[in-house]
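Rule-based calculations on the coordinates, nothing more; no lab input. Model, not experiment: these values are computed from the prediction. Please note: Cβ atoms are built from the backbone with ideal geometry, for glycine as well, and neighbour counts cover all protein chains shown.
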Amino acid sequence: MKISILIPTFNNLSYLKFFLNSLKKNSLFEHEIVIHVNDGSDGTLEYITKNNFKFTHSNENIGLCSSMNNAYKLSTSDFLLYAHDDMYFCKNWDKYLIDEINKQKNNFYYLSGTNVSTRFGLINYNCGDTLENFDENKFLKFCIDDDTPDLQSSHWAPHLIHRELWDKIGGFSEEFNPGDGSDPDFCMKLWLENVRIFKGISKFKVYHFNSLTTRNNKVKLNDGTKIFLLKYGFNPKFFRKYYLKGNNSIIPYKGMLDEPKYNISMFIALVINKLKFLFYKFKF
């Protein structure tokens, strides 16, 4: 089974090379890699061209959402995996993911990897915070030894959906460029298409260098929380908690999700969200 791996990058060549090497070393099967190169003046464009990767290109940074939508146009697989350029995929990651795909009865699912990092990760485990001090053997041993269960997925990238779903929701919403808030919006659009399987695959682990490409001075983030709130009437935190039944902690996967059931805490949280919505909408 071939997977199309879609990767946006913005002048981050050393980490991109490292990530691509992890795919080469740790994949059991051959997959399609499609990269959107923003700018690329650091040597990325030359490297991508020289090594015959599929790619799209923009002369400036057009944002994560537009980058993903551009890369999608060159993809050919029914299975679309969104990944960051500053990740390292574990050994046999694709076997774990494909095994899970084969369990599904239809195409209505959202499957994500388990993010490991020094901080900001779903699992915080220090294997280094730069390429120079990354301990690859320590991470790979951790992947073998760790017994974390599959998780209720509200943890974003890397995530995989079927092409049928991508076409239904129209990919990433470009009003969220350069990217903050785009992941919960993506999942909310899936929810509105009746997707109820949001599952994190424990064995599909990735080491993430703390969202290096967006947590620096190269990218000015948008107010994704505000955009999401105005679009749906509640913020991403509310969506994670009451719809996806997850947050940034380890919550074991319990199966297909149901419609949210109102209780006092949910009602209070919703009222607060509606007041914020009115504040932003009418600028009291």
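Roughly what would the spin-label model give for Lys226 and Asp42, points 7 Å off Cα along C-beta, in nm?
About 2.8 nm separates the two model spin labels.
Quick one: which residues, 5 or more positions from His36 or on another chain, have an amide H under 5 Å from its amide H? H modelled 1.01 Å from N in the peptide plane, none for Pro or chain starts.
Ile7, Thr9, Thr56
As I understand it, the value is the acute angle between the Cα axis of helix 182-192 and the longest principal axis of the Cα atoms of the chain; what does it come to in degrees, rounded to 10?
Result, in degrees: 60.
Taking the chain as the reference, fit the longest principal axis to its C-alpha atoms, fit the long axis of helix 136-145 to the helix C-alpha atoms, and give the angle between the two in degrees, 0 to 90, nearest 10.
50 degrees
Between Val271 and Asn137, what FRET efficiency comes out of the Förster formula 1/(1 + (r/R0)^6) with R0 = 51 Å and r the beta carbon distance, rounded to 0.05?
Between Asn137 and Val271 the formula returns 0.50.
Using a Förster radius of 41 Å, what is the FRET efficiency between Thr130 and Tyr280 based on their Cβ-Cβ separation? Nearest 0.05, please. Please report the intermediate quantities before stating the final value.
Details: r = 38 Å, r/R0 = 0.93.
For R0 = 41 Å, the calculated efficiency reads 0.60.
Residues with amide H under 5 Å of Leu81's amide H, sequence separation 5 or more or different chain, H placed in the peptide plane at 1.01 Å from N; which?
Under 5 Å from the amide H of Leu81 lie the amide H atoms of Ser4, Ile5, Leu6, each far enough along the sequence or on another chain.
Just the isolated ones, please: cysteines in the chain lacking another cysteine beta carbon under 4.7 angstrom.
Here Cys65, Cys127, Cys187 come out as lacking a disulfide-compatible partner, given the Cβ-Cβ threshold of under 4.7 Å.
Would you give the gap between the C-alpha center of segment 35-51 and the C-alpha center of segment 113-181, rounded to a whole Å?
For segment 35-51 versus segment 113-181, the Cα centre distance is 23 Å.
When Cys65, Cys127 are ordered from fewest to most other Cβ atoms inside 10 Å of their Cβ, what list results? Present the calculation step by step, with values, prior to reporting the outcome.
Details: Cys65 22, Cys127 19.
Sorted ascending by nearby Cβ count, the order is Cys127, Cys65.
For the pair Leu74 and Arg119, how long in nm is the line joining their label points, each one 7 Å along Cα→Cβ?
With each label placed 7 Å out from Cα toward Cβ, I get 3.6 nm.
Using R₀ = 22 Å, calculate the FRET efficiency as 1/(1 + (r/R₀)^6) where r is the Cβ-Cβ separation of Ile250 and Lys103; round to 0.05. Can you show the working numbers first?
Numbers: r = 21 Å, r/R0 = 0.96.
Step by step, r from the Cβ atoms, then E = 0.55.
Take every DSSP beta bridge whose two residues both sit in segment 4-258, then give the antiparallel share in percent to the nearest 5.
Values: 12 of 35 bridges.
Within segment 4-258, antiparallel bridges account for around 35 percent of the total.
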